[in-house]
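Asker: Quick one: this structure, given as structure tokens, is what I'll be asking you about.
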Amino acid sequence: MIHSEKQHQTLGFSVIPQLNWMIYQFLELKSRVISQDTQFSQHSINQTAQKEEPSNIDVNHIIVQLLNFSKVFTTKHSNHYHISGSNGIQTLTIPLEKGGKDALWQDKRVSYDHNWIKEHKNALQTAYGKSPFFEYYDYKLFQIFDSKPTYLFELNHQILTMILPYLGWSDILKSNFHSENPPNLLDSFEIPTYTQVFDVKFGFQPDVCILDLLFNLGPLSNEYFKKL
């Protein structure tokens, strides 16, 4: 369930979203808030939603918008996520029950026949055990794993619920409401660098999941997004 790969160039939606995907969606959300066109749908991106005031831009609304974006920008919802290990990029796979690969996102059921939870915990410990803030967040993530959510989207939702408050998106989006200088959302963008565990060996590796940012920057993760 663990693979080492040289590089990934995808901008897709994973069960633990990629850093590049999160940055892109953050900039998209930021531009929507500034233009006062932010709409949050609790059911479908095709439904008309009511505009939200800044005070109502909370984590749950952001998660709904992220999941809506995932329907627009990707054709597949991946049960993989990528971390930066001692041998380079590692791909961790959350196994699905039979037929899960072709099922709708909301119908993909997680398989626990194989003890992937132990493997993922060990891989994360090996990769990020020496990062500055791993011990502040690892147990929160592991509690989600240990709860064994039935569906992949449940696992994804719980992980996003855990991570987003530390990224400070709600406060940043509120502060940018009515801004006179909306950001330019580019089709391609350069990911700002930060210190990673193995950057001396590999240089900065941008193609990792959002956990990499959290484990390495901790409470400064919100400052990272403020500078975008």
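Asker: List, in the order given, every pair from 174/226; 201/227; 30/101; 118/148 whose Cα-Cα distance in the structure shown is over 23 Å.
Answerer: Checking Cα-Cα distances, 201/227; 30/101 exceed 23 Å.
Asker: Amide H to amide H, which residues 5 or more places from residue 96 or on other chains are under 5 Å from it, using H placed in the peptide plane?
Answerer: 111
Asker: Please list the three semi-axes, largest first and in whole Å, of the ellipsoid equivalent to the range 84-150, using sqrt of 5 times the eigenvalues of its alpha carbon gyration tensor.
Answerer: 25, 14, 10
Asker: What length, rounded to one decimal in nm, is gained on full extension from residue 194 through to residue 87, with 0.36 nm per residue of separation minus their alpha-carbon distance?
Answerer: Length gained between residue 194 and residue 87: 36.6 nm.
Only the coordinates and a few stated rules stand behind these numbers; no lab work does. All values derive from a computational prediction rather than experimental measurement.
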